[in-house]
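Structure first, commentary second.
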Amino acid sequence: MGTAVRARRPKTRYAVGFGAKPMIFLHKTLPNRTFDAFMRRATGVPANYVPANN
């Protein structure tokens, strides 16, 4: 957090948390559909889930 506050031109996003950097690596290396399936499985969201439009 201190790096972002003291930076002359801070980044728009920072990798924060234990699993952030491995997730960024996976997102860059895996195809989108594979990464999405991995995230669905990791979070427990069913494959046929469609979010409601509010």
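The values are calculated or read from the model by the stated rules, or taken from the named source; none is laboratory data. Predicted model, so just to flag it, every value in this text is computed and none were measured. Heads up, the Cβs are rebuilt from the backbone with ideal geometry, glycines too, and the neighbour counts pull from every protein chain shown. Areas reflect the complete protein model, heavy atoms only, side chains present, ligands, DNA and RNA absent. Shrake-Rupley method; radii C 1.70, N 1.55, O 1.52, S 1.80 Å.
Return the residues of the range 3-25 that are of a type outside the set (Lys, Arg) and open to solvent by 80 Å² or more (accessible area, probe 1.4 Å); say none if nothing qualifies.
Scanning the range 3-25 gives Thr3, Val5, Thr12, Tyr14, Val16, Phe18, Phe25.
Based on this model, can you work out whether Phe35 counts as within 15 Å of the chain's Cα centre (by Cα) and assigned to a loop (DSSP other than H, G, I, E, B)?
Spelling it out, it is not the case that Phe35 is within 15 Å of the chain's Cα centre (by Cα) and assigned to a loop (DSSP other than H, G, I, E, B).
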Report summary line: Log entry, pairs with first residue in the range 1-22 being within 18 Å of Thr43 (Cα to Cα), second being β-branched (Val, Ile, Thr) and surrounded by 10 or more Cβ atoms within 10 Å (Cβ to Cβ), beta carbons closer than 6 Å, six or more apart or on different chains, reads none
Query - Near pairs, Cβ below 8 angstrom, 6+ apart or cross-chain, from the range 26-54 (over 23 Å from Ala15 (Cα atoms) and exposed (fewer than 10 other Cβ atoms within 10 Å of the Cβ)) to any residue that is modelled with pLDDT of 90 or more and hydrophobic (A, V, I, L, M, F, W, C) - result: Ala47/Ala37
Report task. For the range 3-18, state whether one or more residues are assigned to a helix (DSSP H, G or I) and touching a Pro at 6+ places or on another chain (Cβ under 6 Å). Result -> yes
